[in-house]
Amino acid sequence: DAGVTQSPTHLIKTRGQQVTLRCSPKSGHDTVSWYQQALGQGPQFIFQYYEEEERQRGNFPDRFSGHQFPNYSSELNVNALLLGDSALYLCASSWGTGAYEQYFGPGTRLTVT
Amino acid sequence: TQLLEQSPQFLSIQEGENLTVYCNSSSVFSSLQWYRQEPGEGPVLLVTVVTGGEVKKLKRLTFQFGDARKDSSLHITAAQPGDTGLYLCAGAQSNTGKLIFGQGTTLQVKP
């Protein structure tokens, strides 16, 4: 049973550039949530996707956008990168939008220089 | 804004000692989860508590949800070096999948 997978593992970008991160949910899960984890902090909720639509959003600017595909996989896009966007980006999957038990992927470490 | 405060933020103990990590909020959560995270990896779910006053045990780990569902604790008995890691509590808002995380407790268990 494959768990949550994310790609790439690491990424280095320059300020102002755009980045796309990818996530495949755990088998049987249909909902994907994205979190940002700064060094030494707990994860912060970015948004959640279900049935190919953004269902909930945390306190993040419009530079952060996403997409969910028919196979439930998801992408996180960040435009106009800032130094402060450097973080570990975590994808979590669950069954249904109200499910509180979420299973996390290994994350993508984004460094903005 | 719902916040979860974890304490302590850092804990360094010797193998064999006991410890307790606390997670407190002024808000009520429908459930609370505890995760353990190792460097460079995603959080791994340890337990979910749902009912006020609930106690769950996972080997040497004991988790408790406060009666009012605003706080939780994690107690580790006879800590081992393999317990080293970042422990995170996360509260779920009713009928949503949004998790509110505490800032984490970094535990180091020295042999």
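Restricting the search to the range A:49-64, which residues are closer than 26 Å to A:ALA2 by Cβ and surrounded by 13 or more Cβ atoms within 10 Å (Cβ to Cβ)? I'd like the intermediate steps shown before the answer.
Kept after step one, since they are closer than 26 Å to A:ALA2 by Cβ, are these residues of the range A:49-64: A:49-56.
Matches in the range A:49-64: A:TYR49, A:TYR50, A:GLU54, A:ARG55, A:GLN56.
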Requested in this report: Return yes when A:ARG63 is facing another protein chain (nearest Cβ under 10 Å), out of contact with any Cys (no Cβ under 8 Å at 6 or more places or on another chain) and of a type in the set (D, E, K, R) and no when it is not.
Outcome: no
Query raised in the report: Right, B:LEU99: within 11 Å of chain A (Cβ to nearest Cβ) and in contact (Cβ under 8 Å) with a residue 60 or more places away in the chain or not?
Result: yes
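Which of the residues spanning the range B:43-62 are outside any loop (DSSP other than H, G, I, E, B) and either within 22 Å of A:LEU90 (Cβ to Cβ) or within 14 Å of chain A (Cβ to nearest Cβ) (or both)?
Listed by number, the residues that qualify are B:VAL44, B:LEU45, B:LEU46, B:VAL47, B:THR48, B:VAL49, B:LYS56.
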Query raised in the report: Regarding A:ASP30, is this residue open to solvent by less than 50 Å² (accessible area, probe 1.4 Å) and either in contact with a Cys (Cβ under 8 Å, 6 or more places away or on another chain) or closer than 24 Å to B:PHE101 by Cα (or both)?
Result: yes
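Quick grid of which residues meet (1) free of Cβ contacts under 8 Å to residues at least 40 places away in the same chain; (2) on the phi > 0 side of the Ramachandran plot; (3) part of a strand (DSSP E or B); (4) open to solvent by less than 10 Å² (accessible area, probe 1.4 Å):
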position	(1), (2), (3), (4)
B:VAL21	no, no, yes, yes
B:ARG69	no, yes, no, no
B:GLY82	yes, no, no, no
B:GLY91	no, no, yes, yes
B:SER94	no, no, no, no
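The values are calculated or read from the model by the stated rules, or taken from the named source; none is laboratory data. The shown structure was predicted, so the numbers you read here are calculated from the model rather than taken from an experiment. Heads up, the Cβs are rebuilt from the backbone with ideal geometry, glycines too, and the neighbour counts pull from every protein chain shown. Only protein heavy atoms, including side chains, enter the accessible area calculation; ligands, DNA and RNA are left aside. Shrake-Rupley method; radii C 1.70, N 1.55, O 1.52, S 1.80 Å.
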